[in-house]
1. Under 15 Å from a label point 7 Å along Cα→Cβ of residue 147: give me every residue in region 167-205 with its amide N that close.
2. Determine the distance separating the Cα centre of region 129-162 from the Cα centre of region 60-86; give it in Å without decimals.
3. Each residue of region 83-98 in order: what ³J(HN,Hα) in whole Hz does its phi give by Karplus 6.51 cos²θ - 1.76 cosθ + 1.60, θ = phi - 60°, with x for Gly and Pro?
4. Give me the dipole magnitude in Debye, nearest 20, for the chain about the Cα centre, with unit charges on the beta carbon: positive for Lys and Arg, negative for Asp and Glu.
5. If amide H atoms are built 1.01 Å from N in the plane of the peptide, which residues on other chains or at least 5 residues away come under 5 Å of the amide H of residue 190?
6. Using only the alpha carbon atoms of the chain, find the Kirkwood hydrodynamic radius as the inverse mean reciprocal pair distance, in angstroms to one decimal.
7. Testing the spin-label approximation: label points 7 Å from Cα along Cα→Cβ at residue 192 and residue 22. State their distance in nm.
8. Tell me, how many Å apart are the Cα centres for region 180-235 and for region 8-58?
Amino acid sequence: ASPGVTVGGTVTDTATLSGAVAPTGTITFRLYGPTDPTCAGVAVFTNAQPVAGAGATSAAFTTTAPGTYRWIASYSGDANNAPTAGACNDPGESVVVAQATPTISTVASADVPVGGAVTDTATLVGAVAPTGTITFRLYGPADPACAGPPVFTNAQPVAAGGATSAAFTTTATGTYRWIASYSGDANNGAVAGACNDPGESVVVTQATPTISTVASPGVTVGGTVTDTATLSGAV
C-alpha cells in the first residue's frame with residue numbers, strides 16, 4: 001500500500017504476481033474504511049486494473065476520515081494462471097490516515113472609540129470539511145499578556161471554514177486583544193491563536209463628544225443668570 005497520509009490525501013495499492021506465467025486478466029483492489037477492521041462490510045472503494053507485466057496499481061482514492069484503511073487485492077486468473085487473493089490485514093496492506101493539522105488565521109475588526117463594538121473573524125487553513133466550534137476570547141486593556149479572565153467569551157459554529165464572533169461593546173480605552181481557538185473534530189486537530197498575534201489587537205480611543213450650551217434668559221440688573229451644557233457622544 002502507499003504511505004500514510006493526512007485525511008483528504010490519496011492512497012493507492014500495488015499488487016505484484018509471483019510465479020505467474022505470462023499473466024493476463026485483472027487485479028481488483030478493494031479498500032475498507034477505518035470502521036471495518038476485519039474487512040467484513042462493503043468496501044469504501046473498488047477498482048479493477050488490467051494486469052500489465054507482472055501486476056497492477058489501483059486508481060487513487062481520496063480519504064474522507066482518519067484511521068486505518070485496509071486493502072485487499074485479488075487476481076482474476078486466466079488460461080495459464082489460477083486466481084489468487086490477499087487477505088484482510090495482510091502485512092503492508094494497511095494505510096494510517098491522520099487528522100489534518102489546520103492553522104487558524106484571524107483578523108480583528110477596526111479600531112473604534114470607546115463605546116463602539118468590536119468583533120473577530122477566524123479562518124481555518126488546511127482543514128478538511130471542518131465542523132466544531134471556534135471560541136473567541138477578548139482581553140481588556142489592563143491585561144496585555146492575556147493572563148487573566150477574558151472580558152468577553154463567545155463560541156460560534158464553524159461555517160464555510162471559519163466563523164465571526166458576536167460583537168462586544170467596549171467600555172474603556174486602550175488596547176483589547178483577541179484569541180481564537182478551534183475545537184477540532186473527527187477530521188481535524190484542535191488549534192488556537194496566541195495573545196498578541198498580528199492583527200488580533202483593537203485600539204479603543206477616547207470618545208470625542210460635542211458640547212451644546214444654552215444660557216438662561218435675560219434679566220434686569222441684580223437678577224441671576226445660569227448656563228446649561230449638554231454633552232453629545234460622550235461615554
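Just so it is clear, none of the values below were taken in a lab; they were calculated from the coordinates. Predicted model only: the values in this text are computed from it and were never measured. Here the Cβ is made from the backbone with ideal geometry for all residues, glycine too, and neighbour counts use every protein chain on show.
1. Counting backbone N atoms under 15 Å from the label point, the list is 195-196.
2. Comparing the Cα centres of region 129-162 and region 60-86, I get a distance of 46 Å.
3. x, 7, 8, x, 9, 4, 6, 4, x, x, 9, 10, 10, 8, 10, 8
4. The calculated dipole for the chain is roughly 100 debye.
5. none
6. Evaluated on the chain, it is 23.1 Å.
7. 6.9 nm
8. First find each Cα centre; the distance between them is then 67 Å.
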